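Data first, discussion second: the structure below is written as structure tokens.
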Amino acid sequence: MSRLRTTSQPAGTSAGTTTASTEAVPPAGPVARSRRRRFPTHLVVFIAPAAAIYTVFMVYPLLDSLRLSMFAPRDGVQVFVGLDNFVHLLTDDLLSDAFWNAVWNNLVFFAVHFLVQNPIGLLLAALLATPTLSGRGTYRTLLFLPTTLSVVIVGFIWQLIISPVWGFVDTPLLGQSSTALVTLALMSVWQYIGIPMILFYAVLISIPDELTEAATVDGASAWTTFWRVKFPLLLPTVGIVSVVTYVANMNAFDLIYTVKGALAGPDFASDIMGTFFFRTFFGFQLQQGSSTMGATVATMMFLLILAGVLLYFYGWQRRVESYEL
């Protein structure tokens, strides 16, 4: 409703005459503010291109892969078969053994990164964050440099380094079933150790000096200060680094394919989900490729990755308290 506002008598009017005007005064309060609030159309201009690119190259291939996994060729025609491909993958003698072998190798590949790469990255970040260390910028650049190298170059260099013929090792580490997968994982650790190092380092240098100075005044040693003051502030980043490591290693393919080929030898000892998917989808040597079974393997990879991400969100992130630095 509008309110009436009475104005004062203007000059030059008679004493017996009054002038009144009615003005529509907008109602105050949250209702008026909500009416004045407009949709921020400028955000659409910035978000729409990225959302379109992400949908075309990420969302659509994922949904189409899920769709394709529920079809199978019958007389040259794709026929809907529901979950039959998944049942065939998990029950067929040849496919099932190869699938579970790839899953186990993938988990071992991730475990090496989780237990070796991330702790060493944290140690290097703590050393780089030391105020008394000179040349930190140079060390930081050198440690992060392998991350920028091509996987082909890294695989070729390490094959020469650990070759019994040209290198410094007498044992064929890549030629034995017991050591091939761990050796490849350590090669990957060497290349990508700079990523967790930089993430941990960014948090460590953002911790206020007042916290560490107060701990020092209270008599805490450098080791106690790190574990009692700094490490609790690093816990959210530890969770992020862990889930990123899991996703990256469950999608691993390029290094093993570069060094060991599609068969991921010896005797499929280094076979992971990525190489198993490659052989299933495209075929290799005597194995005939199948787009529908390849999509089924890709869907299983997606479900395993999704399970790990959900475990992070509901088992870790909700229980770790974050502090604003």
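What residue, of A220, A262, is touching a strand residue (DSSP E or B) at 6+ places or on another chain (Cβ under 7 Å), surrounded by 15 or more Cβ atoms within 10 Å (Cβ to Cβ) and either free of Cβ contacts under 8 Å to residues at least 60 places away in the same chain or under 21 Å from H113 (Cα atoms) (or both)?
Going through A220, A262 in turn, the sole match is A262.
Okay, residues lined up against (1) in a helix (DSSP H, G or I); (2) in contact (Cβ under 8 Å) with a residue 60 or more places away in the chain; (3) small (G, A, S):
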{"residue": "A269", "(1), (2), (3)": "no, yes, yes"}
{"residue": "M293", "(1), (2), (3)": "yes, yes, no"}
{"residue": "T296", "(1), (2), (3)": "yes, yes, no"}
{"residue": "L304", "(1), (2), (3)": "yes, yes, no"}
{"residue": "G308", "(1), (2), (3)": "yes, yes, yes"}
{"residue": "F313", "(1), (2), (3)": "yes, no, no"}
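Pick from W227, W316: which is surrounded by 14 or more Cβ atoms within 10 Å (Cβ to Cβ) and more than 30 Å from Q176 (Cα to Cα)?
That would be W316, the only listed residue that is surrounded by 14 or more Cβ atoms within 10 Å (Cβ to Cβ) and more than 30 Å from Q176 (Cα to Cα).
Which of the residues spanning segment 89-116 are buried (at least 16 other Cβ atoms within 10 Å of the Cβ) and either closer than 14 Å to M293 by Cβ or of a type in the set (S, T, Y) (or both)?
Passing the criteria: L89, L95, A98, F99, A102.
Every residue in segment 271-291 that is part of a helix (DSSP H, G or I) and touching a helix residue (DSSP H, G or I) at 6+ places or on another chain (Cβ under 8 Å), please.
Result: M273, G274, T275, F276, F277, F278, T280, F281, F282, S291.
Here is a yes/no grid of residues against (1) surrounded by 17 or more Cβ atoms within 10 Å (Cβ to Cβ); (2) more than 18 Å from V244 (Cβ to Cβ); (3) of a type in the set (F, W, Y); (4) modelled with pLDDT of 95 or more:
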position: P164; (1), (2), (3), (4): no, yes, no, no
position: T171; (1), (2), (3), (4): no, yes, no, no
position: S178; (1), (2), (3), (4): no, yes, no, no
position: A185; (1), (2), (3), (4): yes, no, no, yes
position: Y192; (1), (2), (3), (4): yes, no, yes, yes
position: I195; (1), (2), (3), (4): yes, no, no, yes
position: L199; (1), (2), (3), (4): yes, no, no, yes
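For the structure I just gave you, tell me whether F282 is more than 21 Å from V79 (Cα to Cα), of a type outside the set (A, V, I, L, M) and in contact (Cβ under 8 Å) with a residue 12 or more places away in the chain.
no
Kindly indicate which of F284, F277 is of a type in the set (F, W, Y), surrounded by 20 or more Cβ atoms within 10 Å (Cβ to Cβ) and closer than 24 Å to L68 by Cα.
Exactly one of F284, F277 is of a type in the set (F, W, Y), surrounded by 20 or more Cβ atoms within 10 Å (Cβ to Cβ) and closer than 24 Å to L68 by Cα, namely F277.
Suppose we filter V56, V44, V81, V25 for residues that are surrounded by 10 or more Cβ atoms within 10 Å (Cβ to Cβ) and modelled with pLDDT of 95 or more; which single one remains?
V56 is the lone residue from the list that is surrounded by 10 or more Cβ atoms within 10 Å (Cβ to Cβ) and modelled with pLDDT of 95 or more.
Please verify whether V217 is among the β-branched types (V, I, T), under 22 Å from the mean Cα position of the chain (by Cα) and under 30 Å from P131 (Cβ atoms), treating the condition exactly as stated.
No: the conditions fail for V217.
Give me the helices (runs of 4 or more DSSP H) completely within segment 55-159, filtered to those with at least 2 residues that are under 30 Å from K230 (Cα atoms), ordered by residue number.
By residue number, 93-112, 118-128, 136-144.
Based on this model, can you work out whether V247 counts as in contact with a Pro (Cβ under 8 Å, 6 or more places away or on another chain), part of a helix (DSSP H, G or I) and not charged (D, E, K, R)?
No.
The values are calculated or read from the model by the stated rules, or taken from the named source; none is laboratory data. Computed from a predicted structure; not experimentally measured. Don't worry about glycine lacking a Cβ; one is built from the backbone with ideal geometry, like all the others, and counts go over all protein chains shown.
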